[in-house]
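**Q** Could you have a look at this structure, given as structure tokens, before my questions?
The values are calculated or read from the model by the stated rules, or taken from the named source; none is laboratory data. For clarity, every value in this text was computed on a predicted model and none was experimentally measured. Quick reminder, even Gly has a Cβ in these numbers, built from the backbone with ideal geometry, and neighbours come from all protein chains shown. These area figures cover heavy atoms from the full protein model, side chains too; ligands, DNA and RNA do not enter into them. Shrake-Rupley method; radii C 1.70, N 1.55, O 1.52, S 1.80 Å.
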Amino acid sequence: MGQKQQHPNADPLPEPKKKRRVGFSNIDAGVEPNDCIKIYLASKKEEVGTSDGYRINPVDLNSFFEEDEKIYGYQGLKITIWISSISFHAYADITFQSTSDGAKGITDLKSALEKIFGETLLENKDDFLQTFSTENNFISSAVSNEEKLQTKASNGHTTHFNGSSEAAFSDLEVVRLMMSNLAAGHLYSRLVPLVLLLVDGSNPIDVTDPSWELYLLTRKKTDHPENTQHILLGFAALYRFYRYPYGSRLRLSQILVLPPYQHKGYGSYLVEVLSNVAISENVYDLTVEEPQEYFQHVRTSFDVKRLLAFEPAQSAVKSAVLHLKQGKLSKKTQVPRFLPSTDVVDEVRKTLKINKKQFLQCWEILIFLGLDPIEKHMEDYITIVCNRVKADILGKDSETAGKEVIEVPSVHDEETSFVMFRLQNSKAGGIQMDDDQTKTQEQQLQQLVDERIKEVKLIAQKVSHKHV
């Protein structure tokens, strides 16, 4: 290969410049709090520093961390938090191999944890351990002079769940604390971390608002005759609304049974007491703010049991069941919804304090229980449920099916000049959909119906032995 010959006196050509290589440091991908944080409930100081306590599973820890809901700047990070089930203080043990700023900064762990635990988070482990003895009577002191509620239902009998006997609940107490009492606000502030961690989408109540009421479910524990402790099993927060022209309404905003005591009937027990409060104080009704799925199951099971013993409701159910058994509803063009009369709805609200929305949830289950044998009438029952679900989804739109609004010229206000008429041979819905959209809608509707039928059967099994 030839090379161009240079003149002997010519200056040598400059060497080509070497390109500088630019190095990039490893960008920190971060770690999700759910993956590096463990939280335990400790009932005694010996459980702190071990995994002997009851590990709780928070709804979502990631949401408490602002930067992409991740923790940045730590290698080998492990956070273990213990919450005292005696005083409800908390302590966090934080360990890591090293820290480095990988373009995302270093997360302020103390600030992030304080968003959850606030003043209950103690920095010193020894101080935390001392609370197991110094605040051993924290709950007992809080409930000692407060109102203790009875558990007798409106019919004079006590209802128990999950096969539990009356003896199993003999050491339980439900105590009501009014937020007008400063001690109630102080106690609730200790419980806020549990609300944030375990109740999905929940926010702390306003402890300065005297309309809030706090209900504590406790179990008495007697070491010796002179020393009786109260162990907190769960709690509920209710808001009392004024109802014109007189009276009040109760709204259940928060309810939580502590994880070690869940699925043992305590939630149903607490719901029973709250219902009895509504009845004994003759409030207009008792409602629930955005109930979670499992709580709604517990609540409906309890209400169905009460309705099974309530003669006006049972009389209405028998009438509806008799009508339902008369023909094949699935073959009819117009399917009746088999709803209870207004008088029955009102009587249920007045006597049992069950509002209309909740009663209609129970109504379908009562109908299911009344169809015996259910296999013979299952097709018609599913038709009723499907009809109700469809009506709930369409709502008011179903009332405007086949109607069309046309603007017309007018010498008056143009914005209010229109004519409404119904199209001939119009189909329900009024909105044209292609075959794929129609098929998708039908599949979604069927899924909702299947889920509802499954829920109905679960509750029917729980309240009756006939449909096990």
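**Q** Test of understanding: express the Cα radius of gyration of the range 174-298 as a ratio to 2.2 N^0.38 Å, with N the residue count.
**A** 1.09
**Q** Continuing with the same structure: Viscosity 0.692 mPa s, temperature 37 °C: what is the translational diffusion coefficient of the range 214-270 from Stokes-Einstein with a Kirkwood Rh over Cα pairs, rounded to a whole number of µm²/s?
**A** Estimated diffusion coefficient is 245 µm²/s.
**Q** Relative to a virtual label point 7 Å from the Cα of Lys221 in the Cα→beta-carbon direction, which members of the range 39-67 show backbone nitrogen distances below 15 Å?
**A** 41-48, 53-54
**Q** What ranking, highest mean first, results for peptides 363-373, 54-64 when packing means the other Cβ atoms within 10 Å averaged over each residue?
**A** Put in order of decreasing packing, that is 363-373, 54-64.
**Q** Would you please name the GluC sites (Glu not before Pro) within the range 210-288 that are DSSP coil residues with at most 15 other C-beta atoms within 10 Å of their C-beta?
**A** Glu226, Glu281
**Q** Please report, as a whole percent, how much of the solvent-accessible surface of the range 18-136 comes from carbon and sulfur atoms (probe radius 1.4 Å).
**A** 43
**Q** What does the extension gain come out to for Asp436 and Ile393, with contour length at 0.36 nm per residue minus their alpha carbon separation?
**A** 13.6 nm
**Q** FRET efficiency for Lys44 and Ser211, Cβ-Cβ distance as r, R0 = 35 Å, nearest 0.05?
**A** Efficiency, rounded to the nearest 0.05: 0.40.
**Q** Work out how much length Lys376 to Glu32 would gain on full extension: take 0.36 nm times their residue separation and subtract the Cα-Cα distance, in nm to one decimal.
**A** Numbers: separation 344, 0.36 × 344 = 123.84 nm, distance 5.24 nm.
Full-extension gain reported as 118.6 nm.
**Q** For the pairs Lys305/Lys454; Lys110/Lys220; Lys350/Lys457; Lys221/Lys264; Lys44/Lys221; Lys357/Lys462, note any where the Cα-Cα span goes beyond 24 Å.
**A** Listed pairs above 24 Å: Lys110/Lys220; Lys350/Lys457.
**Q** What FRET efficiency do you get for Lys125 and Asn62 if R0 is 30 Å and r is their Cβ-Cβ distance, rounded to the nearest 0.05?
**A** Values: r = 26 Å, r/R0 = 0.88.
Between Lys125 and Asn62 the formula returns 0.70.
**Q** Suppose we keep just the DSSP beta bridges with both residues in the range 26-98; what percent of those would be antiparallel, to 5?
**A** Rounded to the nearest five, the antiparallel share is 65 percent.
**Q** With only alpha-carbon atoms counted, please give the Rg and Dmax of the range 66-121, in Å.
**A** Both quantities, over Cα of the range 66-121: 12.8, 42 Å.
**Q** How much length is gained if the chain between Asp343 and Met178 is pulled fully straight, taking 0.36 nm per residue apart and subtracting their Cα-Cα distance, in nm to one decimal?
**A** Full extension of this stretch gives 55.9 nm more.
**Q** Oh, and also: Sorting check: for 237-244, 92-99, which peptide has the highest mean count of neighbouring beta carbons within 10 Å, and how do the rest follow?
**A** Per-residue Cβ counts within 10 Å, averaged per peptide and sorted highest first, yield 237-244, 92-99.
**Q** Can you give me the accessible area per residue for the range 216-309, using a 1.4 Å probe, in Å²?
**A** Per residue, the range 216-309 has 45 Å² of solvent-accessible surface.
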